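Enquirer: First, the structure itself, so that you have it in front of you.
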Amino acid sequence: MRMLVSVELKLQSIISFLGFHITKLVWRDREAMDGGNPGIIGVDIVVKIFNKLHESHKRRADLPGRIDFIKKELRSINEAMGKADREGIRSWMADLRDIRLKIDNCVDLYNLRVAGCEHEQGTLCYRIHHMKTTFARGKLADDIDAITKLVREARERVNTYHPQHAAAAAQNHDHGSNGVAAHPNEAHPEGLDGPKAELVRLLAKGDGKASQLRVIVIDGFGGSGKSLLATLSYEQVSRDEEIKCKASVSASDNADDLLRDILREFNVDIPPSSKLTYLEGRFKEIVADKRYVIVIKGVQKSAVLGHLLSICPDNGMSSRIIFTTRNGRIARNYCQNCMVQKMQPLDQPSARALLRRKASDAHGQCRVTSVQHLDLILNACECLPLAIINMANHIKGEREWNANDCVQACHTIGSLLHRTDIEAFSRMNRVLNRSYDSLKNETTNWQDCLLSLTTTYRKDDIFKTKSVVRRWLAEELIMETEVKECFQDLLNHNIIVPTDVSLNGKVKRFRVRRVMLEFMMERARSEDYATWIHMHDGGGMGKGHARSVRRLVLYNESTTPHKIGTSVDLVGVRSLTFSGQASKALMNLAGYTLLRVLDLEDCSNLQDENLETVCKSSLLVYLSIRGNAGVTKIPRKIAKLRHLVTLDTRGTSVATLPVEVIHLPKLSNLFGQFQINSCPSNKSSTCNLHTLAGFFIDESPSFVKALPLMPKLSKVKILRRRKAAPGAGSQVVNDLVQSLQKCLSLPNLLLRSLSIDFGDSGNLDFLNKVEVPVPCPLQSLKLRGKLAALPKLVMESKNLENLCLSETSLGCDALPQLQWSLPELVNLKLAEAEDASTFGAQGFVWPSGAFCNLKRLCFAVPEMPKLVIEREVRGLESLQLLCSSRLGAIDGIEHLLRLEEVVVFRGVEGLQHLRRQVEAHPMRSKFVEKPHPNDFVFNNALSTNVLNVPYRVTCFLEQWMKLAPIKRAVEVSNCRDLLRVQMRKLAGDALENGRSIG
């Protein structure tokens, strides 16, 4: 090897020597000769060859600097794309996207093939690596030259054809971003009677707190009828003669313009040149001793609204301010005495009536006659009023309309919403574009995060929040410090809808609004953001292949082997989402050179041998094989994945995890339920794990000792198999006590979250042996197992914010012990399978000052004890009473001053009494009914009712779906025909032999 290096050095010196002397010889000969000698031509050729060699060597040597240069170009391109994404310069956007993809490929290929030993310059290893990568460095240098040329050409094109257009487009966009969607005037709006009655009640004059100035926010997704609801309520209330000052205006970006519009509505003459101070003084003078009602529609910027609220006097005359917005953050930032009315989609009967009326011809005949097709349209439109009206206009605009046209329109609604040349959908197109554009401003851009959801695997259209965030990070769409802000923006703009919220108030699962998801998928196709390939029997590769692919979504429902083919360039694919039938050909990832994200969740037949090829993708950052029961082991070749950050094996049959996984240098998140082989202590300090959830303590005794040696471990979940329960004095339990004590005591460790699940029969009293340091770093603690009393680990962890106690046999009796011990506690959950309360008839009395910071309290017990609240409680916002049989009474619920919601199971005893208490609460708290855990629940986006199903059907469902029917009820669609179709699919002819459907 040393000889090879010396040969390379000698060759380089010879090239330099020959180049210098031949050049010197040529110039001497040229001075001596007048150019007529033919021999000089050969010398010129030699000079050109050596100059070319020297230039090539210089380009290869300067490769790291040139890579840094194109990285800077990439940042500039991203900023330019943020400013240039406007109508009129789409061609330039396509150029920039193409350049961005080429730069990404170039940088990744450099990191993969060249940048192996750059930090070891001058060493033997570096020189060997330098020789081996000579060809690759030359190819990359050529690619950088080509990229530089493309950048120059794109710049010249935009300067030639659009010299002033970008700035003008950006200015026009800013002026139009706060517009209010144009809604048709509805003489008889369906489905708004309930929200209108509630809003009119809030607007009415009252005594006590109701006489104060009240701000009412109507918040919801675009096209949900916010402005229409505000207008109808305003028109009804404004007939009251006691209201002396009333105004209904559209929002403005300028405080002067907004005040002028309001004063004009008050019939006040304003000089054209009036300044803001004069307008403010005039406004205060007019409303000082009068009851006033002001409606502001389409508020998008909180600064102007905040200024208006600051000058509105509270004169004790039941004055009201209503504003509508698509951004829920505005209400929380500026409104103290604020009521928020969240707009929901129409219920199914109202949506069906609206569609029938709007899709009727001049003779009053609806062009959609089938109930099944009506419901298909409503499902596609998600029962949004504006989407329904646009679809109805589209139906009326077609010369012919039949069942096939209906199905086609519903399946291609994304294309109808995205196209700008279809007049019927123009209003919904503007609403969706405004929502999309609202995710980007001068400092942030979350549009790519939203687009990436179209390529993310989702079961029943439900996304898992943490999985989505980890994919964003793996694709480098967002920085870790920006995750919370990005996700909150998607929530605030009502683009995503939470479907499951954890105890700490964070969204665990969510869905994207149907119309928005279809719109985004069509946009992703048009911009070549992602490529979808659907394989099926007899159909080959299906539609959707692109010239260069960055994100690929494969769905295979074919029973015969298929290959992707040569028309798709797989080298540049960074993200691959695969679902359906796994096959050896499709799982061959040899062509995916730059693959970073691989999502194989819930494939039909993924096997162990398919993972062998996965281990060849050396740049892989994110790997999910979740939900694949056919996978039984992780190959040891996974040690090759040196860049892997996230590995998710939950729902697989992997019983043992090779220790090589733990020592992957960048692995940060590891999920599953497995045992871990012996972990050498001398290597544990190099472990990069932040999250380990979780491992079986009784099958990994030696690994328990290594926990304190993992310096970055912040979250750990420890499990126990039911068949092998370690005793309280066993060695593995003693090792666990010592490890926990070290993890909490050592200053260089960061353990913040601990979960111990020993099942419903395991004993956790050994936690009394853990000496808790002061201060204790633990912030979240979940315990499942029997306890004789609350251990020191709970009582002395003064920084605990989240606490969950499940099946401890303590039940609600833990409340008196916890009320003064944990001052920082924010979220508390107590869960028991059997009633363990000893409070008796007097119940639990909530003393003044107890649980001073508690915001969310959850009881998951068979019977809820009586709660007595004697004094004001200012912190509690959410009360979840998930009782399976009976709800206890709550005395003094009005003392919960900030109560926002009460959550219960439907159908339990005492529900109606509690509902009346909540409805009478001054805060108008939400009363939420969740499906009972003993019910069969079938997802339906429209409306549902409860039906008793025959015993034969429930037995079939129990065997086929592995469900345990305790209470034989099923939540299904309220349409008789659809119900019969659904049940026949599930149980064949079983339904026909049972009772009839009423």
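Enquirer: Strictly over 24 Å apart at the Cα level, which of K466/K829; K459/K829; K637/K742 would you flag in this model? It would help to have the intermediate numbers written out before the result.
Expert: Values: K466/K829 21 Å; K459/K829 28 Å; K637/K742 33 Å.
Among K466/K829; K459/K829; K637/K742, the Cα-Cα distance tops 24 Å for K459/K829; K637/K742.
Enquirer: Next question. Looking at region 551-643, which trypsin sites (Lys or Arg not before Pro) are in a loop (DSSP not H, G, I, E or B) and have at most 16 other Cβ atoms within 10 Å? Don't jump to the answer; show the numbers that get you there.
Expert: Numbers: sites: R551, K563, R574, K584, R596, K616, R626, K633, R636, K637, K640, R642; in loops: K563, R574, K584, R596, K616, R626, K633, R642.
Hits after loop and neighbour filter: K563, K584, K616, K633, R642.
Enquirer: Here's something else I'd like to know. Please go through region 210-245 and write out the GluC sites (Glu not before Pro) that DSSP classes as loop and that have at most 11 other C-beta atoms within 10 Å.
Expert: Details: sites: E235, E241, E242; in loops: E241, E242.
Passing both the DSSP loop test and the Cβ count: E241, E242.
Enquirer: DSSP loop GluC sites (Glu not before Pro) in region 328-428 with at most 11 other Cβ atoms within 10 Å of their Cβ, which ones? Display every interim value, and only then the final one.
Expert: Values: sites: E382, E398, E400, E423; in loops: E382, E398, E400.
Of the GluC sites (Glu not before Pro), the ones in loops of region 328-428 whose Cβ has at most 11 other Cβ atoms within 10 Å are E400.
Enquirer: So, one more: Averaged per residue, what accessible surface does region 362-413 expose to a 1.4 Å probe, in Å²?
Expert: Value returned for region 362-413: 48 Å² of accessible area per residue.
Enquirer: Per the 1.4 Å probe, what fraction of the accessible area of region 232-348, in percent, lies on carbon and sulfur atoms? Please list the in-between numbers first.
Expert: Working: 2440 of 5510 Å².
Carbon and sulfur atoms account for 44 percent of the accessible area of region 232-348.
Enquirer: Per residue, how much accessible area does region 784-891 have with a 1.4 Å probe, in Å²?
Expert: Details: 4100 Å² over 108 residues.
Heavy-atom accessible area per residue stands at 38 Å².
Enquirer: Please get the size of the charge dipole for region 199-310, origin at its Cα centre, with Cβ charges of +1 on Lys and Arg and -1 on Asp and Glu, quoted in debye to the nearest 20.
Expert: Details: 17 positive and 15 negative charges, 46 e Å.
Dipole magnitude for region 199-310 comes out near 220 debye.
Enquirer: Past the 15 angstrom mark, what percentage of all C-alpha to C-alpha distances in region 744-800 do you count? Show your work: numbers first, answer last.
Expert: On the way: 771 of 1596 pairs.
The share of Cα pairs beyond 15 Å in region 744-800 comes to 48 percent.
Enquirer: Apply the Karplus curve 6.51 cos²θ - 1.76 cosθ + 1.60, θ = phi - 60°, to the phi angles in region 628-642 and return the couplings in whole Hz, x for Gly and Pro.
Expert: Each residue of region 628-642 in turn: 9, 5, x, 8, 10, 8, 9, x, 5, 5, 4, 4, 6, 7, 6 Hz.
Enquirer: Sticking with this structure for a sec: Under a Cβ-only charge scheme (Lys and Arg +1, Asp and Glu -1), can you give me the dipole magnitude of region 259-346 about the Cα centre, in debye to the nearest 20?
Expert: Values: 14 positive and 7 negative charges, 83 e Å.
Value, rounded to 20: 400 debye.
Enquirer: Next question, about the same structure. Quick check on region 286-420: what does the Kirkwood estimate of hydrodynamic radius come out to from the alpha carbon pairs, in Å? Working shown, then result.
Expert: Values: mean 1/r = 0.0552 Å⁻¹.
After inverting the mean inverse Cα-Cα distance, the result is 18.1 Å.
Enquirer: Hey, another quick one. For S250, which sequence-distant residues (separation of 5 or more, or a different chain) have an amide H within less than 5 Å of its own amide H, given hydrogens modelled in the peptide plane?
Expert: K297
Enquirer: Let me ask something else about it. In whole Å, what are the extents of region 736-875 along the principal axes defined by its C-alpha atoms, from largest to smallest?
Expert: So the extents along the principal axes, rounded to whole Å, are 47, 34, 19.
Enquirer: Accessible area of region 790-920 with a 1.4 Å probe: how many percent of it is carbon plus sulfur? Don't jump to the answer; show the numbers that get you there.
Expert: On the way: 2360 of 5290 Å².
Taking all protein chains in place, region 790-920 shows 45 percent carbon and sulfur surface.
Enquirer: Would you mind telling me the share, in percent, of accessible area of region 599-653 contributed by carbon and sulfur at probe 1.4 angstrom? Intermediate results must be reported in sequence, preceding the final value.
Expert: Details: 1010 of 2080 Å².
That share works out to 48 percent.
Enquirer: So what are the ³J(HN,Hα) numbers for region 693-698, from phi and the Karplus equation (6.51, -1.76, 1.60; θ = phi - 60°), rounded to whole Hz, Gly and Pro as x?
Expert: 9, x, 10, 8, 5, 6
Enquirer: Something else now. Cα-Cα over 18 Å: which of K139/K666; K196/K244; K506/K782?
Expert: Values: K139/K666 29 Å; K196/K244 22 Å; K506/K782 16 Å.
Table pairs above 18 Å Cα-Cα are K139/K666; K196/K244.
Enquirer: Per residue, how much accessible surface does region 275-334 expose to a 1.4 Å probe? Answer in Å², no decimals.
Expert: Numbers: 2330 Å² over 60 residues.
It amounts to 39 Å² per residue over region 275-334.
Enquirer: Hey, what do the phi angles of region 280-286 turn into as Karplus ³J(HN,Hα) couplings, whole Hz, using 6.51/-1.76/1.60 and θ = phi - 60°, x for Gly and Pro?
Expert: 5, x, 5, 4, 4, 5, 6
Enquirer: Could I ask something else about it? Once amide H atoms are placed 1.01 Å from N in the peptide plane, what residues at a sequence separation of 5 or more from Q675, or on another chain, have their amide H within under 5 Å of its amide H?
Expert: Distant-sequence amide H within range of Q675: T656, L657, F696.
Enquirer: log10 I(q)/I(0), Debye, Cα-only region 497-649, no solvent, q = 0.09, 0.15 Å⁻¹?
Expert: Summing over Cα pairs of region 497-649 leads to -0.32, -0.88.
The values are calculated or read from the model by the stated rules, or taken from the named source; none is laboratory data. Owing to the predicted nature of the structure, the values given are computational and were not obtained by experimental measurement. Don't worry about glycine lacking a Cβ; one is built from the backbone with ideal geometry, like all the others, and counts go over all protein chains shown. The area values use the complete protein model at the heavy-atom level, side chains included, leaving out ligands, DNA and RNA. Shrake-Rupley method; radii C 1.70, N 1.55, O 1.52, S 1.80 Å.
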